[in-house]
Structure formats: C-alpha cells, structure tokens
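Here is the structure we will look at.
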Amino acid sequence: MRTRTALCALAIWVGAVLVVTGCAAPSHERLTHQQPTRPEAVAPTPAAMTVGGPARVFDRTQHSTTDPASIWVVVNKKHPLPSDYRPAISLVRGYQVATPAAGELTRLLDASDDADLGFKIASAFRSYDYQAGVYANVVTSSGQEAADQVSARPGHSEHQTGLAADLVTPANPACDFEACFARTPGGRWLAQHAWEYGFILRYQPGSTAVTGYSPEPWHLRFVGRALAAELRRTHVATLEEFFHISGGDYP
Ligand SMILES: [Zn+2]
C-alpha cells in the first residue's frame with residue numbers, strides 16, 4: 001500500500017497522466033483492514049476522484065448500532081442498554097475492557113508509553129449496578145439536575161459496553177476529569193492519535209446538544225479502525241450524526 005502511494009506521489013510529481021487504476025483506489029478498501037494510515041493518504045485527492053470516479057461509499061451497515069455487543073453500538077440518553085447486559089471481558093492493565101477493544105487499547109497505551117505520557121486507566125467497564133451507585137452518589141451530593149450533566153443514569157453509560165475507557169495522566173493530575181485535560185500533552189496526543197487504534201473522543205466540544213454530555217477529552221470509545229478513520233476523514237464529531245441516531249437529553 002505504501003509502495004503504491006509512493007508511486008502515485010511520484011507520478012503526480014513528474015506530471016504523468018494518472019491512468020494507473022491503483023492510484024484511485026477507493027478509500028474504503030484502505031480503511032477496513034489496513035494499518036493506521038495518515039489522513040492525507042486516506043482522503044482521496046480531487047485528481048484521484050476525477051481519474052478513478054468517486055470514492056466507494058463507506059458501508060454504514062457493517063456492524064449493528066443497536067446490538068449491545070456491537071463495536072458500533074450507540075448508547076446515549078435516548079438509547080439505553082438492557083440492565084442485564086455484560087460484555088465479554090478481557091483485562092487491560094488490571095481493568096475490565098470489552099474483549100474486542102482490549103488489543104487496541106493495549107497498543108494505544110504502549111504507544112503512549114513510548115511517548116512518555118504515562119497514561120493510567122481510571123475507569124473502563126462499569127456494570128449497570130455499579131453505574132446505579134455512581135449516579136445515586138452524584139444525585140445525593142449535587143441533585144438530579146446537576147447529576148444528569150456529568151453522570152449517566154444506569155443503562156445509559158457507554159462504560160457498560162466495556163468499549164469505553166477514561167484515561168488520566170499523572171503528569172497533570174489537576175486536569176484529571178477536567179476540561180483542561182484537552183490541553184495537556186496527553187490530551188493533545190489522544191486527540192491526534194486515538195483514531196489510529198480505533199478509538200474516538202466520544203464527547204467533544206460543541207456536541208453537547210447531540211451527545212447529551214459535556215466534553216470529556218479523557219473518555220475514549222472503541223469503534224474499530226475503519227469507523228474511527230472514516231469519522232476523521234469526514235470530520236463528523238459524533239456517532240449520532242454519522243448514523244443519524246437521536247441523542248441529546250433524556251426523553
Ligand atoms: Zn468515561
């Protein structure tokens with residue numbers, strides 16, 4: 001793949017006519033099974049679009065968005081999980097994570113270690129009952145209205161899927177679970193690299209009305225490399241917008 005990309009770049013450089021069909025390969029083929037690809041290589045150039053026709057449409061039905069065990073499941077304040085749902089679990093650095101996400105989370109953490117970021121997992125899988133306790137505590141301390149801004153009601157937390165993980169960075173403990181996490185070296189690294197491992201920052205600035213939650217730059221959600229790359233390529237910030245699924249506040 002890299003060889004072909006290099007050949008294409010060379011062809012453009014020498015001004016050759018792009019008749020080599022491989023130069024305009026649909027982006028979908030590249031996204032599905034490949035190693036992390038640089039965004040400029042993922043997005044087809046106008047020249048490639050002209051020569052090879054429009055890129056193949058990303059298949060949004062590859063995985064279910066309603067099956068709790070699907071890596072594309074959308075869980076929000078309008079779409080809860082069954083109270084008895086528990087994913088297949090694997091351990092990542094001592095934390096319970098849904099098995100489909102475990103390998104990539106391990107690779108992400110290893111890469112962040114190589115960058116001297118020292119992330120620690122603060123929370124991963126949380127059962128329905130555990131979330132009920134978390135939410136009840138926040139309601140007791142802050143009242144229900146305030147609690148609903150920061151804590152999911154049981155059944156409405158992505159953490160019950162096991163596909164979500166909250167990271168903290170010991171270098172900036174004052175920013176753990178705070179908006180300033182986004183401006184720490186770790187927060188910046190996640191925003192730039194999480195997609196390479198199939199994770200998205202699920203709750204981004206400007207999307208509260210869509211997701212129902214304030215920005216959480218520490219909250220990773222595994223969706224697989226293909227979808228993470230497609231969301232990045234198309235600049236779509238939320239799963240709700242990408243799949244046209246309702247979100248926002250509780251019904
Ligand atoms: Zn979280």
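Readers should treat all values here as calculations from the given coordinates under stated rules, not as data from a laboratory. What you see is a predicted model, and the numbers here were worked out from it, not measured in a lab. FYI the Cβ positions are ideal-geometry reconstructions off the backbone, even for glycines, and counts take in every protein chain you see.
Can you compute the FRET efficiency between S142 and T208 using 1/(1 + (r/R0)^6), with r the Cβ-Cβ distance and R0 = 25 Å? Round to the nearest 0.05. Here the calculated transfer efficiency is 0.90. Full extension of the chain segment joining A122 with V236 gains 38.3 nm, where the gain is 0.36 nm per residue of separation less the Cα-Cα distance. With a cut-off of 19 Å on the backbone N, the residues of segment 101-125 near the modelled label site 7 Å out from A88 along Cα-Cβ are 101-107, 125.
Stokes-Einstein diffusion for segment 89-243, with the hydrodynamic radius set to the Kirkwood value over Cα pairs and evaluated at 4 °C in a medium of 1.567 mPa s, equals 82 µm²/s. Residue exposure proxy: W189, W218, ordered by other Cβ atoms within 10 angstrom of their Cβ from fewest to most, comes out as W189, W218. Would you tally the net charge around T61, using a Cβ to Cβ cut-off of less than 15 Å, leaving T61 out, and scoring K and R as +1, D and E as -1? Taking every other residue near T61 into account, the sum is -1. Here the spin labels are modelled as points 7 Å beyond Cα on the Cα-Cβ line, and at Q192 and F177 they lie 2.8 nm apart.
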